Amino acid sequence: MLISCTSVFSQSATGTDSSSKVPVTFLISEDDNAYGELVGNTTTSLLDVCDDAMDVAYKKWIYMLADMEEEAEAIGFDIKGLKIWINFFWNSDGSIDHIVYYPKPNSKNIEYKDFTKFLDHFAETYVLDVKAESSFAHYGSASFPTFVAQMFPERNKE
């Protein structure tokens, strides 16, 4: 009896064993324990690693979202109209460790399992141009399209 109770309590909300590897990308509601551990273990923010320069941190954030949007367009995945809360967790070299997100109520309706796959792909290849002494994170809002070209014409990639 004790063994079966222990087994039940070691499972997360998704029914997976909590000792298994946390997926790179997941919805916030899919594994509250894993999300809580990520937040608790990552105390440095994107703003911290940008020396508290809000304009620098914001450009890093919005440029990354624009790169995400460009990647979606390149592979034919439509994210226009998508509005989400999203938390990125980066390794100290700027590579993405985890992405946790949740759709906003006014977001376009999409298949979130497909969006999760897209974010997994993005996480495999994208590196933020920030180096830090430790891992770092940022929680924010994202809406697509980003309109980065209109806001920051100096960024134009040609």
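The values are calculated or read from the model by the stated rules, or taken from the named source; none is laboratory data. Keep in mind that what you see is a predicted model, and the values were worked out from it rather than measured. Here the Cβ positions follow ideal geometry from the backbone for every residue, glycine too, while neighbour counts run over all protein chains shown. All accessible areas refer to the heavy atoms of the entire protein, side chains included, with ligands and DNA or RNA removed. Shrake-Rupley method; radii C 1.70, N 1.55, O 1.52, S 1.80 Å.
Put +1 on the Cβ of each Lys and Arg and -1 on the Cβ of each Asp and Glu in the stretch 84-153; which of Ser134, Pro103, Thr116 then has its Cα farthest toward the positive end of the dipole?
Pro103
Please give the per residue accessible area of the stretch 102-158, computed with a probe of 1.4 Å over protein heavy atoms only, in Å².
On the way: 3670 Å² over 57 residues.
Value returned for the stretch 102-158: 64 Å² of accessible area per residue.
Scan (i) 55; (ii) 68; (iii) 62 for the value of percent of Cα pairs over 18 Å apart calculated from this model and give just the label.
After the calculation, the listed value that fits is (iii).
Report relative contact order for the stretch 76-137 in percent, whole number only (criteria: Cα-Cα under 8 Å, sequence separation at least 6). List each step's numbers first, then the result.
Working: 81 pairs, mean separation 26.6, N = 62.
Relative contact order of the stretch 76-137: 43 percent.
Averaging sequence separations of C-alpha pairs under 8 Å and six or more residues apart, then dividing by the length of the chain, give the relative contact order as a whole percent. Can you show the working numbers first?
Numbers: 204 pairs, mean separation 46.0, N = 158.
Answer for the chain is 29 percent.
Which order do the peptides 101-113, 131-143 take when ranked by the mean count of other beta-carbon atoms within 10 Å per residue, highest first?
Details: 101-113: 12.7, 131-143: 16.0.
The most tightly packed comes first, giving 131-143, 101-113.
Report the number of Lys pairs in the stretch 33-158 whose alpha-carbons are under 22 Å apart, with separation of 8 or more residues or on distinct chains.
The number of close lysine pairs in the stretch 33-158 is 20.
For the stretch 18-72, what does the convex hull of the Cα positions come to per residue, in cubic angstrom? Let's see the in-between values first.
Values: hull volume 6.0 nm³, N = 55.
About 109 Å³ per residue, rounded to a whole number.
Would you please classify the overall shape of the stretch 77-129 from the alpha carbon gyration tensor, given that a ≥ b ≥ c denote the square roots of the eigenvalues, rounded means a/c under 1.5, and beyond that prolate means a/b larger than b/c while oblate covers the rest?
Numbers: a/c = 2.53, a/b = 1.88, b/c = 1.34.
The shape class here is prolate.
For the stretch 65-148, give the magnitude of the charge dipole about the Cα centre (Cβ charges: +1 Lys/Arg, -1 Asp/Glu; no others), in debye to the nearest 20.
Working: 7 positive and 14 negative charges, 98 e Å.
Approximately 460 debye in magnitude.
Tally Lys and Arg at +1 and Asp and Glu at -1 over the other residues with C-beta under 11 Å from the C-beta of Phe88: what net charge comes out?
Values: positive: Lys60; negative: Asp97.
My count for the surroundings of Phe88 gives 0.
About the Cα centre of the chain, how large is the charge dipole given +1 on each Lys and Arg Cβ and -1 on each Asp and Glu Cβ? Please answer in debye to the nearest 20. Numbers along the way, then the final one.
Working: 12 positive and 25 negative charges, 88 e Å.
Around 420 debye, computed over the chain.
Considering only protein heavy atoms and a 1.4 Å probe, what is the carbon-and-sulfur percentage of the accessible area of the chain? Write out the running numbers ahead of the final one.
Details: 5010 of 9170 Å².
Within the chain, the accessible surface is 55 percent carbon and sulfur.
Go ahead and run the numbers for FRET between Val39 and Asn109, Cβ-Cβ distance against an R0 of 25 Å, rounding to 0.05.
Numbers: r = 27 Å, r/R0 = 1.09.
That pair, Val39 with Asn109, gives E of 0.35.
For the chain, what are the DSSP H helices with axial Cα length of 15 Å or more and mean Kyte-Doolittle hydropathy of at least -1.0?
Numbers: long enough: 54-75 (32 Å, -0.11); 112-125 (20 Å, -0.73).
Within the chain the helices that satisfy the rule are 54-75, 112-125.
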